[in-house]
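One structure below.
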Amino acid sequence: MSEVLVLVDSNSLADGKITKPTLELLTIARRLGEPSAVYIGDPSGSGEAPAETLAAYGAQKIYVIDDTDVSDYLVAPKAEALAQLVEKTSPAAVLIPSGGEGKEIAGRLAVKTGSGLITDAVDVQPGPDGTAVTTQSVFAGGYTVQARVTRGTPIITVKPNSATPEQAPGAGTLEDFPVTISEAAKAAKVTASEPRKATGRPELTEAAIVVSGGRGTGGDFSEVEAFADVLGAAVGASRAAVDSGWMPHAFQVGQTGKTVSPQLYVAGGISGAIQHRAGMQTSKTIVAVNKDEDAPIFELVDFGVVGDLHSVLRAATEKVTERKG
Amino acid sequence: MDAMDIVVCVKYVPDSTADRRFEADGTVDRAGVDGLLSELDEYAVEQALQLKEKDAGASTVTVLTVGPERATDAIRKALQMGADKAVHVVDEAIAGSDAVATSLVLANAVEKLGAWDVLICGMASTDGSMGVVPVMVAERLGVPAVTLGSEVEVDGSTVRIRRDGDVATETVEATLPAVVSVTDQSGEARYPSFKGIMAAKKKPLETWSLADLGVDAELVGLSAAWTEVQQTEARPPRTAGQVVADEDGSGAAALVEFLASKKFI
């Protein structure tokens, strides 16, 4: 059985605590072959035992690329390292978490290895001949597309929430993989970094419930945040709210922000422009509160309330709190 | 700052507010839907023009696109906004190309342009939305890429961007020549002025074929794509559910009942 390389996402590498998207990729990798995790850094350097977690979710091998030439720079050295690993292992596929960095690593890797690339898969299954067939959601969620790579090593970036992580013990054999990084790959570097303050809420793209606010909040997100907290949800925002400077861009749901596909999406004071729909249309259940009964968001909802979002969400937060006792 | 040769890559895409479709061969229907300059590329044109304005107009902004005949609409818009000249790579063999092939054509076109300093792209197209072409072009040209910038500045031979990431706001820099991609947070794109619209008619527009670039037609197009679309399917429209009016707090009660019935509470 061929190996399937899974690049451990950079959020996991920050503190060694393996996040859900990486576990999802390992679960998907098992459908296609034998999962091998690729860990950039030193997995024994944290108290979180990342190697044990990766093995518990099916990693037969864990390639360790512990080289400051890779970890200290942007995407280009990571793509070079992966290309060298692809050459050595001839994997059945390379699975990479979809995100700004993941897609760029994948793009460079595709050119380097002469391979086809599929981005933003929401599902990956083995086709009749065992090769990976991907499902993507395109045109603002209006279409689903099934595709496969026909040349080289299938390089596939996969969105969060595309599989349910399943434990399946693997050997988790650690293997150091030495790499050679070119000077050219180190030409772009991060010269300053200011960490964003943690919100304590779930990560937007991974959350089971998302509560978002838009222009209708008038800049006051307190009811949106309170409702999110009582539901254990992540907070999102429309482009209008972000453009107004009310919320940072990292919270934006939509075509140029995050695409979310939670079990429940609550839109407060969001009209539902195509730009926003592109980012949330595939949510399982959609609920909206908006003053304007003609807002296009109501065409999408499973349940909608025409009313003031501040008073409706405030009262709803109280009622949910009461129910919880 | 010395005068720079700035190249902006733009894409002609089906209007994202229109009813977009696929052809029977799995390619995007680019004929039956009105096209325009991808909105996300307007931000790239804007940043190019702002760099030019910072050196009192000494720099040159060249618009580069790969696309069908009608992609001249996208070029014209960029010229109307203020770009100096344009190159349109058009060749029937290119139709159906994937990102890998598109980056090959773009990289060869950039090399044919001669010396350049900054290559600016939008963060992604509004149709394919992959967001990988900027780094693929950088990879092929062997130059650094600084991507997803919400602020761009050039300081001597260094390009520096601010990137608002999920966990941190970073400053990323590279030595020129370099590829830069910008987000929709980089600053509103200007509208063409009447003067700009008139001036655009006289601006140089060159049309290049694959032969002009020395790119083998066998390497591009649908038949050479390294990925294959097997099936496209329109998602069934969501059926609108129940919408209630909030009267004296009834809305919140109904909302909570709904959430409880779906076991979210």
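Here, each number is a calculation from the coordinates, and none is a lab measurement. The shown structure was predicted, so the numbers you read here are calculated from the model rather than taken from an experiment. FYI the Cβ positions are ideal-geometry reconstructions off the backbone, even for glycines, and counts take in every protein chain you see.
Summary of computed values
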read-out	value
Using θ = phi - 60° and Karplus 6.51 cos²θ - 1.76 cosθ + 1.60, couplings along the range A:285-296 (whole Hz; Gly, Pro as x)	10, 10, 10, 9, 10, 8, 5, 8, 5, 8, 4, x
Share antiparallel - DSSP beta bridges, the protein assembly as shown, percent rounded to 5	35
Local electrostatic count, A:Val70, Cβ distance below 11 Å [Lys/Arg +1, Asp/Glu -1]	-3
For the range B:64-80, 3J(HN,Hα) per residue [Karplus equation, 6.51 cos²θ - 1.76 cosθ + 1.60, θ = phi - 60°, Hz, x = Gly/Pro]	10, 9, 10, x, x, 2, 5, 5, 4, 4, 5, 4, 4, 4, 5, 5, 5
Shielding by partners - mean other protein chain Cβ count within 10 Å, residues of A:305-313	5
Under 11 Å, Cβ to Cβ, from B:Val244 - net charge with Lys/Arg +1 and Asp/Glu -1	-4
At R0 = 30 Å, FRET efficiency that the Cβ-Cβ distance of A:Glu206 and A:Ser244 yields, to 0.05	0.70
The range B:112-157: GluC sites (Glu not before Pro) in DSSP loop, at most 11 other beta carbons within 10 Å	none
Inter-label distance for A:Thr164 and B:Gln50, nm, one decimal - labels placed 7 Å from Cα along Cα-to-Cβ	4.7
Helix-only CD estimate at 222 nm, as mean residue ellipticity for chain A, using -39500 (n - 2.57) per DSSP H run (n ≥ 4)	-8500 deg cm²/dmol
Estimated [θ] at 222 nm from DSSP helical runs (n ≥ 4, -39500 (n - 2.57)) normalised by residues in chain B, nearest 500	-8000 deg cm²/dmol
Exposed GluC sites (Glu not before Pro) absent: longest stretch of chain A, with sites in DSSP loops and at most 14 other Cβ within 10 Å deemed exposed	A:49-165
Theoretical FRET efficiency, 1/(1+(r/R0)^6), r = Cβ-Cβ of B:Ser193 and A:Asp292, R0 41 Å, to 0.05	0.75
From phi via Karplus (6.51, -1.76, 1.60), per-residue ³J(HN,Hα) for the range B:28-41 in Hz, x at Gly/Pro	5, 5, 9, 9, x, 10, 4, x, 6, 5, 3, 3, 5, 7
Linear extension gain, A:Glu194 paired with A:Lys324, 0.36 nm per residue minus alpha-carbon span	43.0 nm
Fraction in percent of alpha-carbon pairs per bin - 20 Å, chain A	31, 53, 17, 0
Within chain A, percent of DSSP bridges classed antiparallel, to nearest 5	20
Computed Kirkwood radius, in angstrom, where 1/r is averaged over Cα pairs of the range B:1-146	15.5
Using a Förster distance of 45 Å, the FRET efficiency for A:Ser2-B:Glu257 (Cβ separation, nearest 0.05)	0.30
